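None of the figures in this text is laboratory data; all of them are computed from the coordinates on show. Every value quoted in this text rests on a predicted model; they were computed, and no experiment measured them. FYI the Cβ positions are ideal-geometry reconstructions off the backbone, even for glycines, and counts take in every protein chain you see.
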Amino acid sequence: MAEHELKKVEFTKEMKKTHTIITPNMAPIHFELIKNVMESFGYKVDLLRTQGREIVDEGLKYVHNDTCYPALLSIGQMMHALHSGKYDLDKVALIMSQTGGGCRASNYIHLLRKALKQDGLDHIPVISLNISGLESNAGFKITLPMIRRALAALTYGDLLLLLKNQTKPYEVRKGQSDDLVQKWITELTDLFAQNKAFSQKESKVYYDKIAQSFAAIPIQKTNKIKVGIVGEIYVKYSPLANNNLEDFLYEQGCEVMVPGILGFMIFKVDNRLEDVNLYGGSIAKKNAMSLLKWYFTKYENDLISALKPYPQFTCPSPYSHLKELAGDVIGYGCKMGEGWLLTAEVMELIENGYENVVCAQPFGCLPNHIVGKGMIRKVKEKMPDANIVPIDYDPSATEVNQENRIKLMLAVAQENRDRKEEENKKS
Ligand code: SF4
């Protein structure tokens, strides 16, 4: 092996019994549920919930500051955990996703191995979480039942996030929506452990129970400014990366909408189909991907159906509609990073009354600068009410600066609302 090459340490079947898998946290609700899914398959998992500047500083020790911010943070969070003294360093493994696309996210895993080597910890196995066949491990297999459960967990995550965001700003008793999210995470965890609540038949029952429970929270509806959050997937969801963006917007008196992860999953599968449409490829691959897309879409349909009896909640549009929206302004071949889906999410939010949009991007993230910032003018031409602010996140960006830019966007939102109210009074 050449000196610059990094060794891959296998996660063996024996390690499944002895090792704790340390997992970075991207989306707090979703990942809590995914952790439970992994545990239901016999893995010991520790989901990192650490916060604060020290994670960034730790990341900067191992990852160059011009590397993608999500890589810097996840690696920083994992190295910080390894240095915490909490773990037996001979009984831990790390896990990291590898997208397999053309973006740098496929290479985060190598940066993590480099960081481990720098610290003499390269005996620690790093598991690649991918469905592209990039790396495999004897002790960690992504099976069909696991994919099924993970999909159900992601759908529950999307539903809980959506209902919490639409209830929390109006709740009479503060904290009730957050408490309900925790209650459902605990209840779903118990059900997962008993092999329940995964099948589509059972999930539908629980989606309805969840929607019912949020609808029962006493609220006082007021006229709040509605803000959507889009962006690079890690920065969009992770409070560590976006400096608690959702909380900040609540504190500013807004209602927030964050599009779910399920749409992104369908997008990733659909991209493989578009590859075949645009550049050619095997019919077998096309058929397999069509089947997978159909399967993923069933979960989306169930989520939308569960919300239909509750008109007080804004229901997300199906992926097929987002694709239609994007088709008017951007090509489907534009698919690195969040690709055309990011533009489509902006348009769908505006269509649903969330005309004010924060586009959260890692500084220097080329794909998202193109499909986010780069598309603002085109979106505004089609949707003149759009009030979009791109915000960069990186190790040196100051929170004050980010918040001031968002406050400026909110001031414009307020002006737009006042103007519309005036116009309505006159007409
Ligand atoms: S989407 Fe942006 S942040 Fe994510 S890997 Fe690609 S370049 Fe990096």
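Tabulated data
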| quantity | calculated |
| --- | --- |
| Directionally averaged projected area (convex hull, Cα atoms, the chain), nm² | 21.8 nm² |
| Residue-by-residue Karplus 3J(HN,Hα) for the stretch 189-206, coefficients 6.51, -1.76, 1.60, Hz, glycine and proline x | 4, 4, 5, 4, 4, 8, 6, 10, 6, 9, 5, 4, 5, 5, 4, 4, 5, 6 |
| Glu135-Thr222 FRET efficiency (beta carbon distance; Förster radius 56 Å; 0.05 resolution) | 0.65 |
| Chain lengthening between Ser396 and Arg377 when straightened (0.36 nm per residue, less Cα-Cα) | 4.1 nm |
| Stretch gain in nm, segment Thr12-Ala284, where the contour uses 0.36 nm per residue and the Cα spacing is subtracted | 94.7 nm |
| Estimated FRET transfer efficiency (Lys86, Glu423; beta-carbon r; R0 56 Å; 0.05) | 0.45 |
| Kirkwood Rh and Cα Rg combined as Rg over Rh, evaluated for the stretch 244-324 | 1.12 |
| From phi via Karplus (6.51, -1.76, 1.60), per-residue ³J(HN,Hα) for the stretch 33-49 in Hz, x at Gly/Pro | 6, 5, 4, 5, 4, 4, 5, 5, 9, x, 8, 8, 10, 10, 8, 6, 10 |
| Residue-by-residue Karplus 3J(HN,Hα) for the stretch 354-368, coefficients 6.51, -1.76, 1.60, Hz, glycine and proline x | 9, 6, 9, 10, 9, 9, 8, 10, x, 4, x, 7, 4, x, 6 |
| P(r) weight above 21 Å for the stretch 327-399, C-alpha pairs, percent | 23 percent |
| Amide proton proximity set for Leu129, modelled H, under 5 Å, gap of 5+ | Met96, Ser97, Gln98 |
| Segment His64-Lys204, length gained on full extension (0.36 nm per residue, minus Cα span) | 45.9 nm |
| For Ala360, distant residues with modelled amide H under 5 Å away | Val230, Gly231, Glu232, Ile391 |
| The chain: relative contact order as a whole-number percent, Cα under 8 Å and 6+ apart | 16 percent |
